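Here's the structure, in structure tokens; my notes come after.
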Amino acid sequence: MDVWAVRRLACRKVHRLIFQRIILVKIDVQNVVAEHFSRIHRAALVLSGNPWDADDLAQETFLAFARQVDRFEQRSSVYTYLYGILLNLDRRERRRSYIHQHKLKVLWDHEPAQQKTVPAAELRIEVAEWKKSLWAWVDKLPDGQRQVLVLRFSEGLKYEEIADAMNCPLGTVKSRIFHGLNSLRQMLEEEHEIKQRLTEFINEDLSNAV
């Protein structure tokens with residue numbers, strides 16, 4: 001290939017990149033928020049288990065999208081791109097969770113009893129319902145398995161969409177789903193066995209007490 005051919009090829013690549021950036025600039029972030037906020041917030045709620053962190057995660061997801069919208073190359077759909085941002089934020093918050101919880105405990109312990117803020121009743125109910133749900137068990141899984149199960153069974157994404165959101169091979173998605181479901185089944189079986197043994201113990205103790 002001669003020098004001029006190389007230059008022509010380079011010019012075409014530059015023009016294509018400029019055209020892509022022009023298209024990207026036309027993305028209306030407000031429309032993206034209006035169209036996708038509810039689904040991202042729902043996923044954030046399932047991932048975090050409480051409405052306070054879900055609000056923060058969802059808002060931070062769209063703030064991050066707004067800051068990097070010019071880097072979105074439209075190779076995937078907007079919502080899978082948003083899920084990818086959400087999962088990264090979720091992993092980051094998980095790493096910070098221990099420090100965060102410790103700080104909250106210190107603040108709570110040092111706050112005067114009459115000034116302690118208690119979550120609204122409906123929010124406490126929402127958290128309690130999450131803890132009773134299957135997602136509380138999913139929450140015990142490793143991050144990769146936990147997140148892939150949320151995207152598949154809470155958000156209803158296809159395997160290919162999950163691979164795009166998580167930026168990993170399709171085979172990795174299938175493997176994580178398989179191992180995640182298997183681990184979940186084992187945990188639930190162990191829980192059922194523990195409850196069954198506890199019930200038998202209580203019944204036996206009650207019969208001896210009569």
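The values are calculated or read from the model by the stated rules, or taken from the named source; none is laboratory data. Everything numeric here is computed off the predicted structure, so don't read it as measured data. Cβ atoms come from the backbone with ideal geometry, glycine included; neighbour counts cover every protein chain shown.
Taking the range 149-175 on its own, how many of its residues are part of a loop (DSSP other than H, G, I, E, B) and closer than 20 Å to W135 by Cβ? Walk me through how you get there before you give the answer.
First pass over the range 149-175, keeping only residues part of a loop (DSSP other than H, G, I, E, B): 155-158, 167-169.
Adding the requirement that they be closer than 20 Å to W135 by Cβ leaves 155-157.
Residues flagged as part of a loop (DSSP other than H, G, I, E, B) and closer than 20 Å to W135 by Cβ within the range 149-175 amount to 3.
From the list L24, L47, which one is among the aliphatic types (A, V, I, L, M), at pLDDT below 50 and surrounded by 10 or more Cβ atoms within 10 Å (Cβ to Cβ)? So that I can check it myself, show each step before the final result.
Values: L47 fails: at pLDDT below 50.
After applying the criteria, what remains is L24.
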Taking L63 as the residue in question, decide whether it is crowded, with 17+ Cβ neighbours inside 10 Å and either polar (S, T, N, Q) or modelled with pLDDT of 85 or more (or both). no
Answer yes if at least one residue in the range 180-192 is under 15 Å from G84 (Cα atoms), in contact (Cβ under 8 Å) with a residue 40 or more places away in the chain and surrounded by fewer than 15 Cβ atoms within 10 Å (Cβ to Cβ), and no otherwise. no
Qualifying positions in the range 58-68 - free of Cβ contacts under 8 Å to residues at least 24 places away in the same chain, under 17 Å from E93 (Cβ atoms) and of a type outside the set (A, V, I, L, M, F, W, C): Q59
If a residue has to be of a type in the set (A, V, I, L, M) and touching a residue at least 24 places away in the same chain (Cβ under 8 Å) to count, how many in the range 48-57 make the cut? 1
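Return the residues of the range 143-161 that are β-branched (V, I, T) and in contact (Cβ under 8 Å) with a residue 40 or more places away in the chain; say none if nothing qualifies. Give the steps one after another, and end with the answer.
Our first condition is that a residue be β-branched (V, I, T); within the range 143-161, this holds for 148, 150.
If the condition is that a residue be β-branched (V, I, T) and in contact (Cβ under 8 Å) with a residue 40 or more places away in the chain, then V150 is the only one that fits.
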Neighbours by Cβ (under 7 Å, 6+ apart or cross-chain): first from the range 69-98, assigned to a loop (DSSP other than H, G, I, E, B); second polar (S, T, N, Q) and surrounded by 14 or more Cβ atoms within 10 Å (Cβ to Cβ): E73/Q20
Could you grab me the full set of residues in the range 47-73 that are of a type in the set (S, T, N, Q) and in contact with a Leu (Cβ under 9 Å, 6 or more places away or on another chain)? S48, N50, T61
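Only one of these is part of a loop (DSSP other than H, G, I, E, B) and modelled with pLDDT of 90 or more: L181, L141. Name it.
Numbers: L181 fails: part of a loop (DSSP other than H, G, I, E, B).
The unique qualifying residue is L141.
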In the range 158-192, anything farther than 16 Å from L141 by Cβ and among the polar types (S, T, N, Q) is listed as N167
